[in-house]
Amino acid sequence: MTESTQDPNRNTAEYIKYYCDKTNRHDYAILLNGTWGSGKTYFIKKTLREINQKHLYVSLYGITSTEQIDDAFFRQMHPVLSSKGMRFAAAVGKGLFKTALKIDFDGDGKEDGSVSSSLPDVDLRDYFSDPDESLIVFDDLERCSMSVSDVLGYINSFVEHDGFKSIIIANESEIFKKDELYKSVKEKLIGKTFQIHPSTKNALAYFIGQVRDDKTRDFLIKNSKFIISIYEISKTLNLRTLKQSLWDFERVSKNFTKKHWNNEGATLRLLGQILALSIEIRAGRLNSENFGAMSVSSLVRHMRKEKGESDSIIDQIEKKYSNISFDFDVLNQKILEEILINGWHEGRDIASALDTSPHYASPGAEASWRTVWHSFERTESEFYQALDKMESQFKNREFQISGEVLHVIGIRLWLSSAKIIKKKRETVFRENKLYIDDLFKTGKIEKMDRNSFADEFRIQGYGGLGIHENETTDFRELYVHLREMRQKATEANYPQLAASLLSEMKDDQQLFYRRLNLTNSEDNSFYDIPILVHVDIGHFVDALTKLHPSQQRIVFMALKARYEHGRLGRELSTERPWLERLRKKLITYSKKKRGIIPTAVEADSRGLFSGQV
């Protein structure tokens, strides 16, 4: 009988109902066994909620003593007394009076309770009126930091001596690895052991119910069977990964506009990609090192594959999820990598990236180079029309985004070798290099930007598509040349950036500090770039000496932090002559002026340069 017609844990739920019935007495505990993420906790909470069973629940995760278990009981039995404020009051009472604090909870002038110096004092019989109605649930047994056999002995005292009922939740395979006494102790306490099987259908309904975005929730409900099929293909048997992959999709889908939701085919395509990739990442089979390889199309990877070479991780994933396309034509591979692996999320960028995809772009709006790249999926007329347009744009130097430039020069090399472009490869190479030079000469080449993840494209791919010819010698030479020209253009802009930095020093000394030093902020643009060599010494000292002494101190702190880890002997070595000139200028200034401010400036400057220059 399939899961769609019967809950695989139905019999277990029925037995728990029988076990908890107050008319039935038992002198043993129940064990619910299952792998991590199989839904054990969800199952027991759902079952106890359905039968309206009063109980105490304790997670043993990280527990190191039975006193901590008692504390957990106390917090549930006395939520008011265990609150932070009340526990503080108890501590004060015990410290000052060494006696009990009498407490009037309802304000009627009568003492309703007390907090004594023995807090917490746990007697579970105060909570359960009848032992036959009592139930204690102990979760995460395998994650307890105490000896498992000791924990079971503690639980046994409730079951054997107090007549309480107890359900223990564990992953037995992990316990057997670390506790040799477990089997013998278990036989004395555990009367029934049930294997919990992941109930995907029930769990999925619960997970979807927790999705906060209304449109996303409705879409997931509508496509529940598709979601279950992906999860079953993954063979992870871990419902947590399913739940977390749904959250990943919601992070993306909550940025959808009406236009995006209206294209259900594209949305379902993206759902499949995100679920499969998220599950594989969380299962440890996909990481940042091999995720980038997915930007290369399966056809290109197949053509490059050596005879007899085994399938890569990417090949295996694509074969496993044969009902899912990983060509990233809905949302590009780089953005998905940033979201799923690095945790990055920027709603506007996601919506913008979706709008440029062929699924949402206006007819004819697809970039010419993209149409040429997808040559095997386009008609001959569409291909040649796009190729003509790409060549015209190439001639007019219209491609300026570095990732697009790499795609175009790679495509041109590829089509030259395929005899589609009627020019020798050597000629195409020279044209490509001249293109890069012209971008630099006209100031249209992209400058390097460490703070933009989009700038850090890989040589293998950009925009969700693998770059043609990226492993050939001539392409790599062009790639290096492009990087060099971009760096040269960036350095040519340093004097202008230095002038801006000096203005920032005058207006916002904290920002000046962040600019020059590596911090958690995105403002640390120049922490490893010798930008100060482009700052005029005279202008710097003039601006510095006009600042308030407290502001001057921040500037000196910024410079001191900049050089205290030895960068002056490495990447910032070219700033050493600048620092030497700055020191002389500041000492000269302090000698010409009188008063506390020039003296402070000299003291700060000497403190800064001590051991640095």
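The values are calculated or read from the model by the stated rules, or taken from the named source; none is laboratory data. These numbers come from a predicted model, not from an experiment. Neighbour counts are summed over all protein chains in view; Cβ atoms, including those assigned to glycine, are modelled from backbone coordinates with ideal geometry. Just the protein is used for accessible areas: all its heavy atoms, side chains included, with ligands, DNA and RNA removed. Shrake-Rupley method; radii C 1.70, N 1.55, O 1.52, S 1.80 Å.
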For 391-401, 252-262, 137-147, ranked highest to lowest by mean beta-carbon neighbours within 10 Å, the order is 137-147, 252-262, 391-401
Summing Lys, Arg as +1 and Asp, Glu as -1, what charge do residues with Cβ under 13 Å from the Cβ of R240 carry, R240 excluded? +2
For K592, counting only aspartates and glutamates whose alpha-carbon sits under 20 Å away and dropping same-chain residues fewer than eight positions off, the answer is D542, E580, E602, D604
Given the pairs K395/K424; K17/K188; K17/K45; K45/K235; K46/K235, which are separated by over 19 angstrom at their Cα positions? K17/K188; K45/K235; K46/K235
Nearest 0.05, what FRET efficiency do I233 and W344 give at R0 = 25 Å with Cβ-Cβ as r? 0.40
Sorting S38, I51, Q68 by the position of each Cα along the dipole of region 9-77 (Lys, Arg +1; Asp, Glu -1; all at Cβ), the one nearest the positive end of that ordering is I51
Can you tell me the accessible area per residue over region 353-417, all protein chains present, probe 1.4 angstrom, in square angstrom? 46
P(r) tail for region 203-271, what percent of Cα pairs lie past 13 Å? 63
The answer for the net charge of residues other than L152 whose Cβ lies under 13 angstrom from its Cβ, with Lys and Arg +1 and Asp and Glu -1, is -3
Carbon plus sulfur fraction of accessible area for region 139-283, probe 1.4 Å, in percent: 49
For a label point 7 Å from the Cα of R10 along Cα→C-beta, name the residues of region 19-48 whose backbone N is under 19 Å from it. 19, 43-44, 46-48
Students often get this wrong, so check it: of K22/K183; K225/K319; K201/K225, which have C-alpha atoms separated by over 18 Å? K22/K183; K225/K319
If you take the beta carbon distance between K424 and E377 as r and set R0 to 30 Å, what does 1/(1 + (r/R0)^6) give as a FRET efficiency, to the nearest 0.05? 0.60
How much FRET efficiency would the formula 1/(1 + (r/R0)^6) give for D218 and S352, where r is the Cβ-Cβ distance and R0 is 30 Å, rounded to 0.05? 0.75
For labels at H548 and S417 in the simple 7 Å Cα→Cβ model, what's the distance in nm? 6.5
Length gained, E564-N262, 0.36 nm per residue minus C-alpha separation, equals 103.1 nm
How many nm separate the modelled label positions at R476 and D536, each set 7 Å beyond the Cα in the direction of the Cβ? 4.6
Assuming 0.36 nm per residue, please report the length gained on full extension of the stretch T193 to S173 beyond their Cα-Cα distance. 5.9 nm
How large, in Å, is region 395-519 by the Kirkwood hydrodynamic radius built from its alpha-carbon pairs? 16.3
Carbon and sulfur atoms account, in whole percent of the 1.4 Å probe accessible area of region 541-582, for 52
What distance in nm separates the simple spin-label points at T490 and D508, each placed 7 Å from Cα in the Cβ direction? 2.2
At what distance in angstrom do the alpha carbon centres of region 181-199 and region 467-523 lie from each other? 61
